[in-house]
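Let me begin by presenting the structure, written as C-alpha cells, before commenting on it.
Nothing in this text is a laboratory measurement; each read-out follows from the coordinates by a stated rule. Since this is a predicted model, take the numbers as computed values, not measurements. Note that each Cβ is placed from the backbone with ideal geometry, even for glycine, and that neighbours are counted across all protein chains shown.
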C-alpha cells in the first residue's frame with residue numbers, strides 16, 4: 001500500500017471523500033434527499049444552492065453536528081461514522097463558519113490553543129503553540145501575529161486565524177461556509193491566494209458560496225442543490241454564471257440590468273454632519289454627509305460594523321443623532337419620531353427584518369397594514385374594518401408575488417424571501433419620496449433577490465430617492481448610480497458607478513480616503 005502524503009497540517013492527505021445517498025429528515029421537512037457529493041485532494045469543490053436547498057445540513061453531517069438518517073460517508077474507500085465534531089477533527093476535517101468562533105479578549109495563540117490538551121498539563125504551552133502557528137503561517141502564506149489580541153485584528157486577519165486554528169488541529173479537508181461574506185475585495189484576493197496554496201499542498205476544499213463570480217473564478221467543480229436534491233455536478237470550466245443560476249432556481253435568470261441613465265438634480269434626501277452613538281455608547285457615526293436625488297440609487301458600501309445600521313436607524317427616526325440634520329425635500333426630519341418620518345414620505349426596509357420590520361406572531365395582512373391602521377378605511381375608533389384590510393392585503397400579495405397560503409397566515413410561517421416581500425410591499429405601496437433599503441436581500445434566495453432588485457429599479461424610475469445599504473458589492477454595482485463607502489462611521493468618498501472598480505471601492509472599505517463629491 002502506498003504511504004499517504006503527510007500534509008503540512010500534520011494529517012495524512014484525504015484523497016477522496018464521498019457522501020453517498022445522504023438522507024436527512026426533520027419534522028415536516030426532507031432536508032437532504034439521497035444526495036451524492038464528493039471532493040478530492042488538490043481540489044476546490046463549490047456547493048451552491050438557494051437558502052433551504054440543504055447545503056448547510058449536508059455539511060453539518062460531514063462535520064458531525066447532524067447524523068444522516070440514510071447513506072454513507074466514505075473516506076478513501078472506507079465507510080466512516082462521524083458522531084461529533086471531535087470525530088470529524090480526528091478524521092482531518094475542519095470547518096470555517098461564516099460567523100467566526102473566536103474570543104476577542106484572547107490572543108491569537110490563546111484562541112488556537114483553546115480547548116486543546118497542553119504538554120504542560122493545566123498550564124498552556126503558548127511557546128510551543130506560537131512556534132507551530134509561525135510554521136503554518138509560513139507554509140500557507142498566512143500573516144498573523146500570535147501575540148495580537150483578536151479585537152485588534154481586521155476581519156480578514158481574524159479569518160486567517162480561523163484557518164490556522166483548523167490547520168493546527170490537523171485539517172486535511174476544509175469546509176468553508178460563505179467565507180468571503182465579510183471581506184473587502186482585497187481581503188478576498190488574499191484569501192483566495194491562501195486557499196489556492198492549500199489546494200496545491202494537497203488539501204481538499206469545500207467552498208459554500210452564493211457569489212457566482214467567485215465560484216467561476218476560483219473552483220474546480222460545482223455541485224448544485226435544489227429542494228434537498230443534487231441537481232448536478234459540473235466542471236467549472238464547462239459552465240457559466242447563467243447556467244449555474246438556472247440550475248439553482250429551475251428557470252433562466254437575467255443578470256443584465258438595463259435602465260435609464262439619470263442626471264442627478266436637486267437632492268431629495270440631504271444628510272449633513274450626522275453623528276450618533278452605538279448601543280454601547282461609543283461613536284458610531286462621525287459627521288456623515290450624503291445627498292440622494294430623486295430617481296437615484298446611492299449605494300452605501302462597507303464591511304459590517306462600520307455604522308451602517310445606525311445611519312439607517314437615525315434616518316428612520318429609530319435612533320437619536322447627537323448632531324447634524326436630515327432633510328427630505330424641504331422638510332427637516334431631524335429628531336422626528338418614526339411616525340413623523342413615515343408621514344414625510346420615507347420608507348424603510350430594515351436590516352433585521354424579524355426584529356425591526358415584522359411582528360412574527362401577526363398575520364400577513366396585519367404586517368402589511370400596520371403602518372396604516374390609523375386610516376379611516378381600515379379602522380373606526382377602536383374597531384378594525386377587516387373586510388377592507390383583507391381586500392387590500394390580497395391586492396398587495398398578488399402585486400408583489402408573495403407566496404402565502406392566505407393573508408391570515410402568520411408571518412413566521414413564510415420563507416425569508418416572502419417575508420421580505422411583505423416588507424417591500426408595505427413600504428413601496430405607500431409611494432415613498434425616499435426609500436432606505438438596508439441589506440434588502442440578506443438571507444433571501446437568488447429568485448427573491450432578482451425580484452427585489454427589479455422593484456428597487458422600478459422605484460428609481462418612479463423618481464424615488466433610494467439609499468441602498470449593502471455589504472454585497474455585486475448588489476451595489478448592479479443597482480447604484482453612485483457609490484459611497486463608510487468606514488468606522490465616516491464617509492471615505494462618493495464615486496460614480498461608471499468610474500468605480502471593486503479594487504477602488506475595496507480600498508475605501510479598508511479606510512483609504514478618496515475625493516468626495
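Some values worked out for this structure:
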item	result
Cubic angstrom per residue, convex hull over Cα atoms of segment 402-499	118 Å³
Extension gain (nm, one decimal) between residue 38 and residue 376, 0.36 nm per residue minus Cα-Cα	115.6 nm
Cα-based helix-to-principal-axis angle, 446-461 vs the chain, degrees rounded to 10	30 degrees
Radius of gyration and Dmax over the Cα atoms of the chain, both given in Å	24.9, 84
Theoretical gain in end-to-end length, residue 499 to residue 139 [0.36 nm per residue, Cα-Cα removed]	125.8 nm
Label-point gap, in nm, between residue 395 and residue 78 - each point 7 angstrom along Cα→Cβ	6.8 nm
The chain: relative contact order in percent, alpha carbon pairs under 8 Å with at least 6 residues between	15 percent
Nitroxide proxy distance, nm - points 7 Å out along Cα→Cβ at residue 25 and residue 332	6.6 nm
At 0.890 mPa s and 25 °C, Stokes D of segment 16-249 from Kirkwood alpha-carbon radius, µm² per second	133 µm²/s
Calculated FRET efficiency for the pair residue 488/residue 235, C-beta based, R₀ 41 Å, to 0.05	0.45
Modelled FRET efficiency - R0 51 Å, residue 6 with residue 387, Cβ distances, 0.05 increments	0.10
Extension gain, residue 216 back to residue 148 (0.36 nm per residue minus Cα-Cα distance, nm)	21.0 nm
At R0 = 41 Å, FRET efficiency that the Cβ-Cβ distance of residue 86 and residue 361 yields, to 0.05	0.60
